[in-house]
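Worksheet for the structure shown next.
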Amino acid sequence: MSSSACTSSATPDVRSKADIDSVWERLAHAQVLRRRALGVLGTLAVLALPWVGSAWPEAGWVNQGLEWAGLVLMALALLGRCACMLYLGGRKGADLVATGPYSVCRNPLYVFSILAVLGIGLQTGSLTAGLVLALAAWAVFRWIVGEEERMLRASFGAPFEDYCARVPRFLPRPAAWRSPRHVTVDLQGVWNTVRDALPYFLSIPVFEAIEAAQEAGWVHVRLWLY
(Lines give C-alpha, C1' and ligand atoms only; values in the text may rest on other atoms or scores of the structure.)
Protein backbone atom coordinates (compact mmCIF):
# COMPACT_ATOMS: atom_id res chain seq x y z
CA MET A 1 0.00 0.00 0.00
CA SER A 2 1.18 3.50 -0.73
CA SER A 3 2.51 5.33 2.31
CA SER A 4 0.42 8.30 1.27
CA ALA A 5 -2.89 6.45 1.24
CA CYS A 6 -5.07 9.19 2.68
CA THR A 7 -9.05 8.91 5.43
CA SER A 8 -11.19 11.80 4.81
CA SER A 9 -14.87 12.48 4.99
CA ALA A 10 -14.64 14.20 1.62
CA THR A 11 -16.06 12.11 -1.18
CA PRO A 12 -13.89 11.93 -4.31
CA ASP A 13 -15.25 12.14 -7.81
CA VAL A 14 -17.33 9.16 -8.82
CA ARG A 15 -15.09 6.43 -10.20
CA SER A 16 -15.82 3.01 -11.56
CA LYS A 17 -14.48 -0.06 -9.80
CA ALA A 18 -12.37 -0.76 -12.89
CA ASP A 19 -10.75 2.70 -12.61
CA ILE A 20 -9.93 2.16 -8.94
CA ASP A 21 -8.54 -1.31 -9.58
CA SER A 22 -6.40 0.03 -12.42
CA VAL A 23 -4.93 2.79 -10.25
CA TRP A 24 -4.09 0.41 -7.41
CA GLU A 25 -2.61 -2.10 -9.83
CA ARG A 26 -0.21 0.60 -11.01
CA LEU A 27 0.52 1.55 -7.40
CA ALA A 28 1.34 -2.08 -6.65
CA HIS A 29 3.81 -2.04 -9.55
CA ALA A 30 5.38 1.14 -8.15
CA GLN A 31 5.83 -0.59 -4.80
CA VAL A 32 7.65 -3.46 -6.54
CA LEU A 33 10.04 -0.90 -8.04
CA ARG A 34 10.52 0.64 -4.59
CA ARG A 35 11.39 -2.70 -3.02
CA ARG A 36 13.87 -3.45 -5.79
CA ALA A 37 15.54 -0.05 -5.41
CA LEU A 38 15.83 -0.52 -1.65
CA GLY A 39 17.18 -4.02 -2.23
CA VAL A 40 19.93 -2.60 -4.42
CA LEU A 41 20.68 0.06 -1.79
CA GLY A 42 20.83 -2.57 0.95
CA THR A 43 23.12 -4.81 -1.10
CA LEU A 44 25.53 -1.95 -1.79
CA ALA A 45 25.55 -1.04 1.90
CA VAL A 46 26.29 -4.64 2.94
CA LEU A 47 29.18 -4.79 0.47
CA ALA A 48 30.64 -1.40 1.42
CA LEU A 49 30.18 -1.03 5.18
CA PRO A 50 32.58 -3.79 6.28
CA TRP A 51 35.37 -1.64 4.81
CA VAL A 52 34.17 1.48 6.64
CA GLY A 53 35.14 2.24 10.23
CA SER A 54 34.23 4.88 12.79
CA ALA A 55 36.86 7.54 13.33
CA TRP A 56 35.59 7.87 16.88
CA PRO A 57 37.26 5.60 19.48
CA GLU A 58 35.29 2.36 19.88
CA ALA A 59 34.81 2.76 23.63
CA GLY A 60 34.38 6.55 23.49
CA TRP A 61 31.18 8.29 24.45
CA VAL A 62 30.57 9.65 20.94
CA ASN A 63 30.76 6.23 19.29
CA GLN A 64 28.61 4.63 21.96
CA GLY A 65 26.20 7.56 21.94
CA LEU A 66 25.66 7.28 18.19
CA GLU A 67 24.92 3.58 18.50
CA TRP A 68 22.39 4.18 21.27
CA ALA A 69 20.81 7.01 19.28
CA GLY A 70 20.49 4.59 16.37
CA LEU A 71 18.72 2.08 18.61
CA VAL A 72 16.26 4.76 19.76
CA LEU A 73 15.56 5.77 16.14
CA MET A 74 14.88 2.16 15.13
CA ALA A 75 12.48 1.73 18.07
CA LEU A 76 10.76 5.01 17.15
CA ALA A 77 10.47 3.84 13.54
CA LEU A 78 8.86 0.58 14.67
CA LEU A 79 6.33 2.36 16.89
CA GLY A 80 5.63 5.01 14.26
CA ARG A 81 4.95 2.47 11.54
CA CYS A 82 2.56 0.63 13.86
CA ALA A 83 0.75 3.92 14.56
CA CYS A 84 0.35 4.44 10.82
CA MET A 85 -1.21 1.01 10.45
CA LEU A 86 -3.67 1.78 13.26
CA TYR A 87 -5.05 4.66 11.22
CA LEU A 88 -4.95 2.86 7.88
CA GLY A 89 -7.24 0.22 9.36
CA GLY A 90 -6.95 -2.12 6.37
CA ARG A 91 -8.21 0.45 3.86
CA LYS A 92 -7.10 -0.02 0.28
CA GLY A 93 -7.91 2.78 -2.09
CA ALA A 94 -11.48 3.42 -0.97
CA ASP A 95 -10.69 6.43 1.25
CA LEU A 96 -8.18 9.19 1.55
CA VAL A 97 -6.59 8.75 5.03
CA ALA A 98 -5.82 12.19 6.47
CA THR A 99 -5.94 11.63 10.23
CA GLY A 100 -3.37 10.60 12.81
CA PRO A 101 0.17 10.49 11.37
CA TYR A 102 -1.33 11.25 7.95
CA SER A 103 -2.62 14.59 9.20
CA VAL A 104 0.89 15.92 9.82
CA CYS A 105 2.73 14.25 6.92
CA ARG A 106 1.55 12.68 3.66
CA ASN A 107 4.09 9.85 3.78
CA PRO A 108 4.68 8.96 7.45
CA LEU A 109 5.53 5.32 6.67
CA TYR A 110 8.38 6.48 4.48
CA VAL A 111 9.52 9.05 7.05
CA PHE A 112 9.73 6.36 9.72
CA SER A 113 11.56 4.08 7.29
CA ILE A 114 14.15 6.83 6.71
CA LEU A 115 14.58 7.16 10.48
CA ALA A 116 15.12 3.40 10.66
CA VAL A 117 17.78 3.55 7.95
CA LEU A 118 19.49 6.40 9.80
CA GLY A 119 19.40 4.32 12.98
CA ILE A 120 20.87 1.33 11.19
CA GLY A 121 23.66 3.48 9.77
CA LEU A 122 24.46 4.88 13.21
CA GLN A 123 25.26 1.35 14.39
CA THR A 124 28.58 1.85 12.58
CA GLY A 125 29.43 4.53 15.15
CA SER A 126 29.62 7.07 12.32
CA LEU A 127 27.18 9.94 11.88
CA THR A 128 28.37 10.38 8.28
CA ALA A 129 27.56 6.77 7.38
CA GLY A 130 24.11 7.09 8.91
CA LEU A 131 23.33 10.33 7.08
CA VAL A 132 24.55 8.95 3.72
CA LEU A 133 22.32 5.88 4.04
CA ALA A 134 19.34 7.99 5.14
CA LEU A 135 19.85 10.39 2.23
CA ALA A 136 19.97 7.48 -0.21
CA ALA A 137 16.73 6.08 1.25
CA TRP A 138 15.10 9.52 1.01
CA ALA A 139 16.08 9.74 -2.67
CA VAL A 140 14.42 6.37 -3.38
CA PHE A 141 11.25 7.36 -1.50
CA ARG A 142 11.12 10.82 -3.11
CA TRP A 143 11.18 9.18 -6.52
CA ILE A 144 8.51 6.61 -5.73
CA VAL A 145 6.27 9.18 -4.02
CA GLY A 146 6.21 11.17 -7.25
CA GLU A 147 4.92 8.07 -9.04
CA GLU A 148 2.34 7.37 -6.32
CA GLU A 149 1.02 10.92 -6.20
CA ARG A 150 0.32 10.99 -9.92
CA MET A 151 -1.86 7.91 -9.49
CA LEU A 152 -3.54 9.16 -6.32
CA ARG A 153 -4.27 12.47 -8.02
CA ALA A 154 -5.90 10.61 -10.92
CA SER A 155 -7.91 8.48 -8.50
CA PHE A 156 -9.06 11.09 -5.95
CA GLY A 157 -8.86 14.35 -7.90
CA ALA A 158 -9.68 17.57 -6.01
CA PRO A 159 -9.79 16.03 -2.49
CA PHE A 160 -6.21 14.82 -2.94
CA GLU A 161 -5.13 18.25 -4.25
CA ASP A 162 -6.63 19.84 -1.12
CA TYR A 163 -4.85 17.30 1.06
CA CYS A 164 -1.52 18.05 -0.62
CA ALA A 165 -2.06 21.78 -0.09
CA ARG A 166 -2.65 21.26 3.65
CA VAL A 167 -0.15 18.55 4.55
CA PRO A 168 3.59 18.48 3.74
CA ARG A 169 5.01 15.58 1.76
CA PHE A 170 7.79 14.54 4.18
CA LEU A 171 8.63 17.11 6.87
CA PRO A 172 5.99 16.64 9.62
CA ARG A 173 3.86 19.56 10.78
CA PRO A 174 2.87 18.55 14.36
CA ALA A 175 0.51 21.49 14.81
CA ALA A 176 -1.76 20.03 12.10
CA TRP A 177 -2.43 16.82 14.08
CA ARG A 178 -6.04 15.69 14.15
CA SER A 179 -7.56 12.36 15.02
CA PRO A 180 -10.97 10.79 15.59
CA ARG A 181 -11.76 9.42 19.04
CA HIS A 182 -12.01 5.89 17.65
CA VAL A 183 -10.21 4.06 14.86
CA THR A 184 -10.77 0.68 13.23
CA VAL A 185 -7.70 -1.46 13.81
CA ASP A 186 -6.43 -4.09 11.40
CA LEU A 187 -4.57 -6.34 13.86
CA GLN A 188 -3.05 -8.46 11.11
CA GLY A 189 -1.72 -5.33 9.43
CA VAL A 190 -0.14 -4.14 12.69
CA TRP A 191 1.41 -7.54 13.29
CA ASN A 192 2.79 -7.61 9.73
CA THR A 193 4.30 -4.17 10.34
CA VAL A 194 6.01 -5.36 13.53
CA ARG A 195 7.28 -8.48 11.75
CA ASP A 196 8.66 -6.46 8.84
CA ALA A 197 10.37 -3.94 11.15
CA LEU A 198 12.05 -6.39 13.54
CA PRO A 199 14.95 -7.01 11.10
CA TYR A 200 16.02 -3.40 11.78
CA PHE A 201 17.46 -4.61 15.06
CA LEU A 202 19.57 -7.30 13.38
CA SER A 203 21.89 -4.44 12.41
CA ILE A 204 23.13 -4.34 16.03
CA PRO A 205 24.76 -7.82 16.12
CA VAL A 206 25.76 -7.51 12.44
CA PHE A 207 27.77 -4.33 13.02
CA GLU A 208 29.18 -5.66 16.26
CA ALA A 209 30.43 -8.66 14.28
CA ILE A 210 31.91 -6.36 11.64
CA GLU A 211 33.72 -4.34 14.31
CA ALA A 212 35.07 -7.55 15.86
CA ALA A 213 36.31 -8.71 12.45
CA GLN A 214 37.98 -5.35 11.89
CA GLU A 215 39.69 -5.45 15.29
CA ALA A 216 40.87 -9.01 14.65
CA GLY A 217 42.40 -7.94 11.33
CA TRP A 218 40.14 -10.17 9.25
CA VAL A 219 38.71 -7.11 7.51
CA HIS A 220 40.86 -4.02 6.87
CA VAL A 221 39.14 -0.62 7.09
CA ARG A 222 39.64 1.47 3.95
CA LEU A 223 37.63 4.52 4.98
CA TRP A 224 37.35 6.14 8.42
CA LEU A 225 34.30 8.33 8.94
CA TYR A 226 33.16 10.59 11.78
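The values are calculated or read from the model by the stated rules, or taken from the named source; none is laboratory data. Keep in mind it's a predicted model, so treat the numbers as computed, not measured. Here the Cβ positions follow ideal geometry from the backbone for every residue, glycine too, while neighbour counts run over all protein chains shown. The accessibility values were calculated without ligands, DNA or RNA, using every heavy atom of the protein model including side chains. Shrake-Rupley method; radii C 1.70, N 1.55, O 1.52, S 1.80 Å.
In the list Ala83, Ala98, Ala69, Ala75, which residue meets the criterion of being of a type in the set (A, V, I, L, M), at pLDDT below 95 and farther than 17 Å from Gln188 by Cβ?
Ala98
Determine, yes or no, whether Leu198 is at pLDDT 90 or above and either more than 22 Å from Met85 (Cα to Cα) or within 20 Å of the chain's Cα centre (by Cα) (or both).
no
Among the residues of region 15-40 satisfying the criterion of being among the β-branched types (Val, Ile, Thr) and modelled with pLDDT of 80 or more, which is most open to solvent (accessible area, probe 1.4 Å)?
Among them, the one singled out is Val40.
Please enumerate the residues belonging to region 150-200 that are closer than 23 Å to Ala77 by Cα, open to solvent by less than 60 Å² (accessible area, probe 1.4 Å) and in a helix (DSSP H, G or I).
Matches in region 150-200: Ala176, Gly189, Val190, Asn192, Thr193, Val194, Ala197, Tyr200.
I'd like the full set of residues that are of a type in the set (Asp, Glu) and open to solvent by 50 Å² or more (accessible area, probe 1.4 Å), limited to region 41-98.
Residues satisfying the conditions are Glu58, Asp95.
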